[in-house]
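This report refers to the structure that appears directly beneath it.
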Amino acid sequence: AQKITQTQPGMFVQEKEAVTLDCTYDTSDPSYGLFWYKQPSSGEMIFLIYQGSYDQQNATEGRYSLNFQKARKSANLVISASQLGDSAMYFCAMRPSNYQLIWGAGTKLIIKP
Amino acid sequence: DTEVTQTPKHLVMGMTNKKSLKCEQHMGHRAMYWYKQKAKKPPELMFVYSYEKLSINESVPSRFSPECPNSSLLNLHLHALQPEDSALYLCASSQEFSGTSGRVRQEETQYFGPGTRLLVL
């Protein structure tokens, strides 16, 4: 079965520290996309970063980078120099070519001042 | 400019009411989506429109009726809802939606609106 697993229900991190949010996926489809979204308490789902299964390099977008380890089926999100505004729910999602977007359960990240 | 707008932001309705949620995007995207999200859960896909045609209906009860008047607009008509339908309803759009075949591309990235918080009494 195709699925996304986020093993950290919640995390507390000190401001300015780097954060790694874990995501593992399971699919036999060779073509898939991996996405990370941020959802603050206001409710809006904000797209952060995308990694394609055929991409050779790890994706980066500003303070966000995706540590893509294809053999381990891992797509961890790294946030450098965390800020108070990074406190939110973070969802990892996968879009295999034979199905629509599959979501992980999410990780609630709280940044401490 | 990645903007999807949704109205209203909040909606309270009785079980006999009829209401509509509206979603609009001006990014030239060809696919639009409705999701339902319960508290502390990931979003659940309800409907997908691609090129103004309904591509996916995830066995959603008929009390939810989607409509795509044009490529920029997506409505969700609500009728005779139940209290368990109370949730955050999210609209999203993407440049493309390849369905269940073909290589997945970055153009399928979904951009979301701020959502409508619906309470059914």
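How big is the accessible area of A:SER42 in square angstrom, nearest 10, if you roll a 1.4 angstrom probe over the protein chains?
For A:SER42, solvent-accessible area is about 80 Å².
Using only protein heavy atoms and a 1.4 Å probe, how much accessible area in total is buried between A and B, to the nearest 100 Å²?
Protein heavy atoms only, the A-B interface buries about 2000 Å².
Sort A:ILE79, A:ILE46 by accessible area with a 1.4 Å probe, largest first.
Order by accessible area, largest first: A:ILE46, A:ILE79.
By the 4.7 Å beta carbon criterion, which cysteine residues of chain B come out unpaired?
B:CYS68
Give me the distance between the Cα centres of the stretch B:1-77 and the stretch A:99-113, rounded to whole Å.
Each part's Cα centre sits 22 Å from the other's.
Suppose every Lys and Arg Cβ carries +1 and every Asp and Glu Cβ carries -1, with no other charges. What dipole size does the protein assembly as shown come out with about its Cα centre, to the nearest 20 debye?
On the way: 24 positive and 21 negative charges, 95 e Å.
With only Lys, Arg, Asp and Glu charged at Cβ, the dipole is about 460 debye.
Only bridges whose two residues both fall in chain B count here: according to DSSP, what percent of them are antiparallel, nearest 5?
Counting DSSP beta bridges with both partners in chain B, the antiparallel share is about 90 percent.
What size of dipole, in debye to the nearest 20, comes out for chain A about its Cα centre when the only charges are +1 on Lys and Arg C-beta atoms and -1 on Asp and Glu C-beta atoms? Walk me through the numbers on the way to the answer.
Values: 10 positive and 9 negative charges, 29 e Å.
Once rounded to the nearest 20, the dipole reads 140 debye.
Kindly identify residues of the stretch A:34-71 having a loss of at least 50 Å² in accessible area between the isolated chain and the assembly of all protein chains, probe radius 1.4 Å.
A:GLU44, A:MET45, A:PHE47, A:TYR50
Could you work out the local net charge near A:LEU48, counting Lys and Arg as +1, Asp and Glu as -1, over the other residues with Cβ closer than 10 Å to its Cβ?
Working: positive: A:LYS38, A:ARG63; negative: A:GLU61.
Here the count lands on +1.
How many lysine pairs are close in the stretch B:7-121, with Cα atoms under 24 Å apart and the two 8 or more places apart or on different chains?
Lysine pairs meeting both conditions in the stretch B:7-121 amount to 19.
Considering only the other residues whose Cβ falls under 15 Å of the Cβ of A:SER28, what net charge follows from Lys and Arg at +1 and Asp and Glu at -1?
In short, +2.
7 Å from Cα along Cα→Cβ at both B:GLN106 and A:ALA81: what's the point-to-point distance in nm?
Output for this residue pair reads 2.3 nm.
For a test of understanding, tell me how many lysine pairs in chain A have Cα atoms under 28 Å apart, given they are 8 or more places apart or on different chains.
Eligible lysine pairs with Cα atoms under 28 Å apart amount to 13.
The values are calculated or read from the model by the stated rules, or taken from the named source; none is laboratory data. Values in this document were obtained by computation on a predicted structure and should not be read as measured data. A quick note on method: Cβ atoms are made from the backbone with ideal geometry, for glycine too, and the neighbour counts reach across all protein chains shown. The area values use the complete protein model at the heavy-atom level, side chains included, leaving out ligands, DNA and RNA. Shrake-Rupley method; radii C 1.70, N 1.55, O 1.52, S 1.80 Å.
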